[in-house]
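Asks: The structure that follows is given in the form of structure tokens.
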Amino acid sequence: MNGVVGVLALQGAFAAHCEKLAALDVECIEVRTTEDLGKVTALVMPGGESSTMSHLLVSSGLFDVIDERIADGMAVFGTCAGMILLASDIADGRDDQRSFSALDISVRRNAYGRQVDSFETDLATPFGDVHGVFIRAPRIERIGKSVEVLGSHDGDPVLVRQGRVLAASFHPELNEDERLHRFFVEEIVMKEQE
Amino acid sequence: MTSGNASSVGTLKVKRGLAEMLKGGVIMDVVNAEQAKIAEDAGACAVMALERVPADIRRDGGVARMSDPEMIEGIKSVVRIPVMAKARIGHFVEAQILEALGVDFVDESEVLTPADETHHIDKFAFTVPFVCGATNLGEALRRISEGACMIRSKGEAGTGNIVEAVRHLRSILGDIRKITQADSAELFQWAKTLQAPLPLVQEIAETGKLPVPIFCAGGIATPADAALAMQLGAEAVFVGSGIFKSDDPAPRARAIVEATTHFRDAHVLAKVSRGLGAPMTGIAMDEINGTQRFAERGW
């Protein structure tokens with residue numbers, strides 16, 4: 001494909017996402033500054049600690065620039081903490097925690113419990129069964145009308161899409177499976193904006 | 001994994017996964033709820049709850065044990081980020097208690113007084129993931145073979161002196177680089193020399209990295225120290241006494257977080273290193289006699 005996919009590398013599991021994209025022969029760079037962001041056509045927001053990333057997004061000046069790019073239609077894929085960063089409402093976060101409101105969902109941070117409750121399970125999706133690794137995962141508690149649910153677990157949505165924004169409450173980057181990254185690149189990044 | 005809705009907790013993937021999520025971050029030692037808030041406010045990706053920071057354990061002497069559950073719960077109740085806590089080497093009951101308390105990671109730590117001078121904890125027996133210290137690659141691989149899901153280079157905790165952390169990181173990562181150049185026959189010799197399981201040595205030869213994340217601990221006192229560890233190849237840093245034994249903890253904590261993220265950007269490092277007040281005083285290695293060296297504990 002033409003263009004470079006960036007992986008937000010302020011904190012978290014950015015290296016695992018880069019490996020997935022590299023396996024798809026997608027050119028990928030780590031994004032830590034506004035200069036880095038200027039080089040990319042799409043952005044992956046990894047798992048990690050959402051409050052840490054929120055803090056670093058503000059101090060690096062990236063928050064406002066990413067916000068503008070998303071409004072202009074940049075394709076974004078957020079996993080776990082990355083999904084929290086994209087959500088319109090966050091429960092159980094820090095009061096000063098910011099998000100891009102790019103996805104009309106309400107999420108509750110760490111709603112599946114602490115690390116001893118973290119789990120893995122198979123999920124039915126339009127791409128077939130996908131293995132989901134949930135680590136101190138956020139739960140989607142409300143979805144807006146324009147949000148499409150691509151996968152659920154115990155009745156809660158865990159894989160959702162709204163236009164050029166894709167988000168998962170689990171970690172596809174920790175599996176030997178590139179289908180979700182391929183879907184993001186081929187069906188969202190490479191598709192012309194409407 | 002089975003198909004359907006069967007879900008499993010405590011798998012290697014789930015346990016190593018949390019270590020993956022902490023990469024690029026700073027894990028800060030805190031001794032009370034107030035410090036835990038300062039750490040989270042500064043952007044820490046996790047806190048280590050303990051009763052005394054290593055510098056005080058070193059000063060006080062005596063036996064250092066797992067912290068009081070009440071104190072750990074107090075810290076858990078005020079932050080949303082993961083909370084870690086330390087168990088003594090080989091003290092699997094302390095680890096069982098920490099797991100029951102719902103801590104997110106157990107550090108089987110040489111900073112506490114060892115409970116077993118031969119055996120480490122069988123970490124596969126737990127749902128909670130473990131981090132262990134290592135001074136060299138053999139020690140790291142032995143800990144991984146016991147189930148550790150994260151390795152931290154030990155350094156020398158409570159000294160504010162980065163020299164041992166650098167020695168240990170260079171030893172571990174340097175040997176990994178050499179192993180990637182070895183032929184298949186030489187790998188048997190490497191396993192023997194390192195006193196490490198052959199399959200793990202063979203895996204490193206193929207991948208060029210440890211099967212779990214490697215973080216740096218023991219002696220980080222400044223933003224430059226954190227960036228040094230990251231440039232040497234650490235994937236995140238632990239800061240113990242370095243923050244709350246300094247003159248002004250909050251700005252120093254924020255600066256170390258920035259330095260760990262922007263570790264290759266000297267302009268950012270120069271900016272965040274300004275006006276932080278005095279770092280912890282620190283101790284030179286020749287001022288510590290053998291029995292006071294924490295890094296030598298562990299087998």
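The values are calculated or read from the model by the stated rules, or taken from the named source; none is laboratory data. This one's a predicted model, so the numbers in the text were calculated from it and none came from an experiment. Quick reminder, even Gly has a Cβ in these numbers, built from the backbone with ideal geometry, and neighbours come from all protein chains shown. Remember, those area values only see protein heavy atoms, side chains included, never the ligands or the DNA or RNA. Shrake-Rupley method; radii C 1.70, N 1.55, O 1.52, S 1.80 Å.
Asks: Having 3 or more residues that are surrounded by fewer than 24 Cβ atoms within 10 Å (Cβ to Cβ) is the bar; report the helices (runs of 4 or more DSSP H) wholly within the stretch B:220-279 that clear it.
Replies: Correct list: B:223-232, B:249-261, B:266-272.
Asks: Based on what the data block shows, is A:V133 open to solvent by 20 Å² or more (accessible area, probe 1.4 Å) and either facing chain B (nearest Cβ under 9 Å) or among the hydroxyl-bearing types (S, T, Y) (or both)?
Replies: No: the conditions fail for A:V133.
Asks: State all residues of the stretch B:254-275 that are touching a residue at least 40 places away in the same chain (Cβ under 8 Å) and away from chain A (no Cβ under 11 Å); if no residue qualifies, say none.
Replies: B:I256, B:L269, B:S273
Asks: Being outside any helix (DSSP H, G or I) and either of a type in the set (S, T, N, Q) or open to solvent by less than 20 Å² (accessible area, probe 1.4 Å) (or both) is the filter here; which residues of the stretch B:183-213 pass it?
Replies: B:Q195, B:A196, B:L210, B:V212, B:P213
Asks: Failed condition for A:L56, given (1) among the hydrophobic types (A, V, I, L, M, F, W, C); (2) more than 9 Å from chain B (Cβ to nearest Cβ); (3) open to solvent by less than 10 Å² (accessible area, probe 1.4 Å); (4) assigned to a helix (DSSP H, G or I), with all others met?
Replies: Here A:L56 meets the rest and fails (2).
Asks: On the basis of being assigned to a loop (DSSP other than H, G, I, E, B), of a type outside the set (A, V, I, L, M, F, W, C) and in contact (Cβ under 8 Å) with a residue 12 or more places away in the chain, does B:G138 make the cut?
Replies: no
Asks: From the list B:A157, B:A134, exactly one residue is at pLDDT 95 or above, buried (at least 24 other Cβ atoms within 10 Å of the Cβ) and within 12 Å of the chain's Cα centre (by Cα). Which is it?
Replies: B:A134
Asks: Shifting gears a bit: All but one of (1) facing chain B (nearest Cβ under 9 Å); (2) part of a loop (DSSP other than H, G, I, E, B); (3) under 30 Å from B:K123 (Cα atoms); (4) more than 17 Å from the chain's Cα centre (by Cα) hold for A:V116, so report the exception by its number.
Replies: So A:V116 meets the others, but not (2).
Asks: Continuing with this model, one more query. Looking at the stretch B:55-83 only, could you name the residues that are at positive phi and either assigned to a helix (DSSP H, G or I) or open to solvent by 40 Å² or more (accessible area, probe 1.4 Å) (or both)?
Replies: Scanning the stretch B:55-83 gives a single hit, B:G62.
Asks: Give the number of residues within the stretch A:136-161 that are part of a loop (DSSP other than H, G, I, E, B) and under 14 Å from the mean Cα position of the chain (by Cα). Walk me through how you get there before you give the answer.
Replies: Going through the stretch A:136-161, the residues part of a loop (DSSP other than H, G, I, E, B) turn out to be A:136-138, A:144-147, A:154-155.
With the extra rule that they be under 14 Å from the mean Cα position of the chain (by Cα), the set shrinks to A:137-138.
Selection size over the stretch A:136-161: 2.
Asks: Starting from residues that are modelled with pLDDT of 95 or more and open to solvent by less than 10 Å² (accessible area, probe 1.4 Å), keep the ones in the stretch B:41-54 and report whichever is farthest from the other protein chains (Cβ to nearest Cβ). Give the derivation first.
Replies: The initial filter retains those residues of the stretch B:41-54 that are modelled with pLDDT of 95 or more, namely B:41-48.
Then drop every residue that is not open to solvent by less than 10 Å² (accessible area, probe 1.4 Å), which leaves B:42-48.
On the way: B:A42: 8, B:G43: 4, B:A44: 7, B:C45: 5, B:A46: 7, B:V47: 11, B:M48: 14 Å.
The residue in question is B:M48.
Asks: What is the residue count in the stretch A:85-112 for residues that are open to solvent by 10 Å² or more (accessible area, probe 1.4 Å) and either outside any strand (DSSP E or B) or among the β-branched types (V, I, T) (or both)?
Replies: 15
Asks: Would you confirm, using the coordinates I've provided, whether B:V9 is among the β-branched types (V, I, T), out of contact with any His (no Cβ under 8 Å at 6 or more places or on another chain), open to solvent by 30 Å² or more (accessible area, probe 1.4 Å) and facing chain A (nearest Cβ under 10 Å)?
Replies: Yes, satisfied.
Asks: How many residues, within the stretch B:120-131, are free of Cβ contacts under 8 Å to residues at least 60 places away in the same chain, more than 14 Å from every other protein chain (Cβ to nearest Cβ) and either of a type in the set (S, T, Y) or open to solvent by 10 Å² or more (accessible area, probe 1.4 Å) (or both)?
Replies: Qualifying residue count for the region: 2.
Asks: Evaluate the following for B:A217: is it closer than 22 Å to B:A157 by Cα and touching a helix residue (DSSP H, G or I) at 6+ places or on another chain (Cβ under 8 Å)? Can you show your working first?
Replies: Numbers: closer than 22 Å to B:A157 by Cα: yes; touching a helix residue (DSSP H, G or I) at 6+ places or on another chain (Cβ under 8 Å): yes.
Taking the combined requirement at face value, the residue satisfies it.
Asks: What is the number of the single condition among (1) within 14 Å of chain B (Cβ to nearest Cβ); (2) surrounded by fewer than 24 Cβ atoms within 10 Å (Cβ to Cβ); (3) of a type in the set (F, W, Y) that A:F127 does not meet?
Replies: Just one mismatch for A:F127, condition (1).
Asks: Additional query: Identify the residue in the stretch A:162-186 that is in a helix (DSSP H, G or I) and within 14 Å of another protein chain (Cβ to nearest Cβ) and, among all such residues, is farthest from A:M1 (Cα to Cα).
Replies: Ranking the qualifying residues of the stretch A:162-186, first place goes to A:L174.
Asks: Just checking, how many residues over the stretch B:156-203 are farther than 30 Å from B:T222 by Cα and in contact with a Pro (Cβ under 8 Å, 6 or more places away or on another chain)? Give the steps one after another, and end with the answer.
Replies: Residues of the stretch B:156-203 farther than 30 Å from B:T222 by Cα: B:178-203.
Now narrow it down to the ones that are in contact with a Pro (Cβ under 8 Å, 6 or more places away or on another chain): B:191, B:200, B:203.
Number satisfying all stated conditions: 3.
Asks: Residue check: is A:E192 within 14 Å of another protein chain (Cβ to nearest Cβ) and not in a strand (DSSP E or B)?
Replies: So A:E192 fails the test.
Asks: Hey, any hits in the stretch A:64-78 for a residue that's at the interface with another protein chain (Cβ under 8 Å from one of its Cβ atoms) and open to solvent by 10 Å² or more (accessible area, probe 1.4 Å)?
Replies: no
Asks: Can I ask one more? Go through the stretch B:12-56 and give me each residue that's closer than 17 Å to B:D248 by Cα and touching a Lys or Arg at 6+ places or on another chain (Cβ under 6 Å).
Replies: B:A42, B:A55
Asks: List pairs: first residue in the stretch B:87-103 and more than 14 Å from chain A (Cβ to nearest Cβ) and assigned to a helix (DSSP H, G or I), second residue modelled with pLDDT of 95 or more and surrounded by 19 or more Cβ atoms within 10 Å (Cβ to Cβ) anywhere in the structure, Cβ distance under 7 angstrom, at least six positions apart or on different chains.
Replies: Correct list of pairs: B:F92/B:I121; B:E94/B:M66; B:E94/B:A87; B:E94/B:R88.
Asks: Right, here's the next one. Is it the case, given these coordinates, that A:L21 is without any contact (Cβ under 8 Å) to a residue 40 or more places away in the chain, more than 10 Å from chain B (Cβ to nearest Cβ), in a helix (DSSP H, G or I) and open to solvent by less than 30 Å² (accessible area, probe 1.4 Å)?
Replies: no
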